[in-house]
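Student: Once you've had a glance at the structure underneath, I'll fire off some questions.
The values are calculated or read from the model by the stated rules, or taken from the named source; none is laboratory data. Only a predicted model underlies this, so the values are computations on that prediction, with no experimental measurement involved. With ideal geometry, Cβ positions are generated from the backbone for all residues, glycine too; neighbour counts draw on all protein chains shown.
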């Protein structure tokens, strides 16, 4: 996207215009982050794309929290110059698709901001994994976006109906589309979910066909693709960074690198993702029922009757424990960082007072 565009085509609409009013009074311009690379941002504006960096003040206010910095999809307030721009402020996010940063990190990583719909893509080969679907669904529900499951590579499916039924059981009420970018199966149904100004994110593991799907929707080769390995049906990371692509009248689509590690930040989305478990738990005699051997356990009754699969309960428990541990880790680091930030503030104030009034000791 190099030409000037209307902000509405980029997803500009309430609550962003109202939130931007104080920034407009300061002579700043709105823009949307379409890519980020080593601390520099590519931002789409009405005048075209510009490169911008955050101000020192915004960096200080972030307090070392990466989630407080602009992410792809964010709306920002800019001071625009001939050679680029400066990001002065970050507008409040309407939605934020996040995960716990991979490795031993203890902070939230925002994968995409202000997303309307998330396509969770899993291929109909050995990569298909319902437990991974449940993990992605929980994160999408937590983000505030709407999840859609795409079962890709339908042309290679050996048990299409079995995979579809397994996906339906793990994602109650979530639309599931079977697609193939090779023979065109389901592409019209996917296109129907896109619209001018609507932002769609595409997530999934490497090799599930995300970039191929985007190329098919765009009608041109926008993203590089590569073959999957024959031994384990996994692919290489052909998408190396998150990039928000403007498809004109078809809206915007956010491609993401394949993710083999996806840890939840908290348990906010679990209640929706595991609505069947929550519904059964609501009938338990005791509010603190652990669903093991307690009398009057509604969950165990549902499992005994076949209304609930024991694998669903086990998956729910695993994700719930993982989310609780992640939340404790992130909160602990946030408290430490907040204390560090205030120490810096107090030190700066003391230095200012000393310069102004001298040493009072």
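Student: Scan the stretch 67-78 residue by residue and report those that are modelled with pLDDT under 95 and over 22 Å from residue 117 (Cβ atoms).
Tutor: 68, 69
Student: Within the stretch 143-154, identify whether any single residue is surrounded by fewer than 18 Cβ atoms within 10 Å (Cβ to Cβ), farther than 25 Å from residue 323 by Cβ and either free of Cβ contacts under 8 Å to residues at least 60 places away in the same chain or in contact with a strand residue (DSSP E or B) (Cβ under 8 Å, 6 or more places away or on another chain) (or both), and answer yes or no. Let's see the steps before the verdict.
Tutor: First, the residues of the stretch 143-154 that are surrounded by fewer than 18 Cβ atoms within 10 Å (Cβ to Cβ): 144, 146.
So of that shortlist, the ones also farther than 25 Å from residue 323 by Cβ come out as none.
Looking through the stretch 143-154, none of the residues is surrounded by fewer than 18 Cβ atoms within 10 Å (Cβ to Cβ), farther than 25 Å from residue 323 by Cβ and either free of Cβ contacts under 8 Å to residues at least 60 places away in the same chain or in contact with a strand residue (DSSP E or B) (Cβ under 8 Å, 6 or more places away or on another chain) (or both).
Student: If you scan the stretch 61-72, which residues turn out to be farther than 19 Å from residue 34 by Cα and either touching a residue at least 24 places away in the same chain (Cβ under 8 Å) or out of contact with any helix residue (DSSP H, G or I) (no Cβ under 9 Å at 6 or more places or on another chain) (or both)?
Tutor: Of everything in the stretch 61-72, those that are farther than 19 Å from residue 34 by Cα and either touching a residue at least 24 places away in the same chain (Cβ under 8 Å) or out of contact with any helix residue (DSSP H, G or I) (no Cβ under 9 Å at 6 or more places or on another chain) (or both) turn out to be 63, 64, 65.
Student: Can you tell me which of 141, 75 is closer than 18 Å to residue 37 by Cα and either touching a helix residue (DSSP H, G or I) at 6+ places or on another chain (Cβ under 6 Å) or not assigned by TED's automatic domain parsing to the domain that holds residue 30 (or both)?
Tutor: Values: 141 fails: closer than 18 Å to residue 37 by Cα.
Testing whether each residue is closer than 18 Å to residue 37 by Cα and either touching a helix residue (DSSP H, G or I) at 6+ places or on another chain (Cβ under 6 Å) or not assigned by TED's automatic domain parsing to the domain that holds residue 30 (or both) leaves just 75.
Student: A follow-up question, please. Considering only the stretch 121-150, how many residues are under 16 Å from residue 314 (Cα atoms) and assigned to a strand (DSSP E or B)?
Tutor: Residues flagged as under 16 Å from residue 314 (Cα atoms) and assigned to a strand (DSSP E or B) within the stretch 121-150 amount to 0.
Student: Restricting attention to the stretch 287-299, does a residue exist that is without any contact (Cβ under 8 Å) to a residue 24 or more places away in the chain, within 17 Å of residue 169 (Cβ to Cβ) and surrounded by 18 or more Cβ atoms within 10 Å (Cβ to Cβ)?
Tutor: Yes, that holds for at least one residue.
Student: Still on this structure: Of (1) closer than 29 Å to residue 314 by Cα; (2) at pLDDT 90 or above, residue 266 satisfies all except one. Which?
Tutor: Among (1) closer than 29 Å to residue 314 by Cα; (2) at pLDDT 90 or above, residue 266 violates only (2).
Student: Of everything in the stretch 300-310, what is surrounded by 14 or more Cβ atoms within 10 Å (Cβ to Cβ) and either in contact with a strand residue (DSSP E or B) (Cβ under 8 Å, 6 or more places away or on another chain) or closer than 27 Å to residue 136 by Cβ (or both)? Give them in sequence order. Don't jump to the end; show me each part of the working.
Tutor: Initial filter on the stretch 300-310 (surrounded by 14 or more Cβ atoms within 10 Å (Cβ to Cβ)): 300-303, 308-309.
The answer is 302, 303, 308, 309.
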